[in-house]
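The values are calculated or read from the model by the stated rules, or taken from the named source; none is laboratory data. On a predicted model such as this, the values are computed, not experimentally measured, just so you know. As a convention, Cβ positions derive from the backbone with ideal geometry for all residues, glycine included, and neighbour counts pool all protein chains shown.
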Amino acid sequence: MKDIQIAASLLSADFGRLAEELKALELAGAEIIHLDVMDGHYVPNLSFGFPVIKRVRELTDLPLDVHLMVTNPAMCIEPLSEIGVQWISFHQECDYHAHRLVNFIRNKGIKAGLALNPAVPVHSLVAILAELDFVLLMSVNPGFSGQSFISSILKKCKVLKSHIENAKLDTLIEIDGGVNNENSAALIEAGADILVSASYIFSSADYGAAIRNLRSEGKK
Ligand code: DX5
Ligand code: ZN
């Protein structure tokens with residue numbers, strides 16, 4: 001199996017011990033820190049915003065991957081660029097001009113991705129695939145960590161991968177939601193490049209072991 005990157009989502013971290021949590025994730029081998037921004041409108045939950053992300057930026061050198069679950073993603077790009085994040089994804093239906101916003105993000109030197117909810121077909125982003133650095137394929141309905149993996153996403157991942165390969169693109173596939181040791185090998189097999197995980201990592205006594213399990217190293 002190919003190399004897989006693990007993006008640890010801070011949503012299940014102990015926010016009172018952010019510095020220690022980030023250090024533990026670094027030592028455990030996480031490649032990316034995934035930050036779930038929620039506005040209480042696009043999803044029925046609130047999480048954190050710029051001040052927390054700014055502090056995370058100061059506490060780790062790992063690349064920051066911001067997943068915007070907000071109705072107005074455009075207003076977030078300038079502040080996130082100033083903070084110095086490396087990846088930004090937003091949900092296509094949250095901006096009338098997703099193509100323009102994707103290119104606005106990329107022109108700032110930030111990797112741009114579109115997030116696809118479980119009910120949204122892969123087909124909806126084929127027209128813009130060549131301009132995306134990555135697709136965030138949601139394997140739960142966004143808003144909360146700790147939800148169950150929707151297994152039909154495996155097929156969606158394969159369909160997306162074949163579009164990417166047929167068009168000879170290097171767009172990456174990031175899977176988000178309910179990822180654990182039971183589904184990670186199948187996801188890697190289906191073409192995933194990055195696996196997001198919150199509850200599976202943070203509920204483990206040993207983050208390093210959890211991350212190794214996600215990589216399915218024993219199954220190579
Ligand atoms: C859900 C978020 C996810 C979430 C994943 O809306 O986008 O990133 O933190 O949590 P787990 O891994 O627990 O499903
Ligand atoms: Zn997310």
Between a first residue in segment 1-27 that is more than 18 Å from L195 (Cα to Cα) and a second residue that is surrounded by fewer than 12 Cβ atoms within 10 Å (Cβ to Cβ), which pairs have beta carbons less than 6 Å apart while being 6 or more apart in sequence or on different chains? E21/D14
What number of residues within segment 16-49 are more than 16 Å from ligand 2 (Cβ to nearest atom) and part of a helix (DSSP H, G or I)? 12
Tally time: how many residues in segment 167-214 are in contact with a strand residue (DSSP E or B) (Cβ under 7 Å, 6 or more places away or on another chain) and among the charged types (D, E, K, R)? 3
Boolean, Q92 is at pLDDT below 95 and within 16 Å of ligand 1 (Cβ to nearest atom): yes
L137 being in contact with an Asp or Glu (Cβ under 8 Å, 6 or more places away or on another chain) and under 20 Å from V43 (Cβ atoms): yes
Looking at K161, K168, which one is out of contact with any helix residue (DSSP H, G or I) (no Cβ under 9 Å at 6 or more places or on another chain) and over 22 Å from N117 (Cα atoms)? K168
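Table: residues versus (1) without any contact (Cβ under 8 Å) to a residue 12 or more places away in the chain; (2) over 20 Å from S216 (Cα atoms); (3) under 14 Å from the mean Cα position of the chain (by Cα).
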{"site": "H123", "(1), (2), (3)": "yes, yes, no"}
{"site": "N141", "(1), (2), (3)": "no, yes, yes"}
{"site": "V159", "(1), (2), (3)": "no, yes, no"}
{"site": "L172", "(1), (2), (3)": "no, no, yes"}
{"site": "V196", "(1), (2), (3)": "no, no, yes"}
Look through segment 175-192, keep the residues that are charged (D, E, K, R) and more than 11 Å from the chain's Cα centre (by Cα), and return whichever of them is surrounded by the fewest Cβ atoms within 10 Å (Cβ to Cβ). E182
Restricting to segment 58-79, give me the number of residues that are within 16 Å of ligand 1 (Cβ to nearest atom) and out of contact with any Asp or Glu (no Cβ under 7 Å at 6 or more places or on another chain). 6
For segment 146-157, does any single residue satisfy the condition of being within 14 Å of ligand 2 (Cβ to nearest atom) and in contact with a Cys (Cβ under 7 Å, 6 or more places away or on another chain)? no
Please find, within segment 51-101, the residue that is nearest to A112 (Cα to Cα) out of those that are surrounded by 14 or more Cβ atoms within 10 Å (Cβ to Cβ) and among the aromatic types (F, W, Y). W87
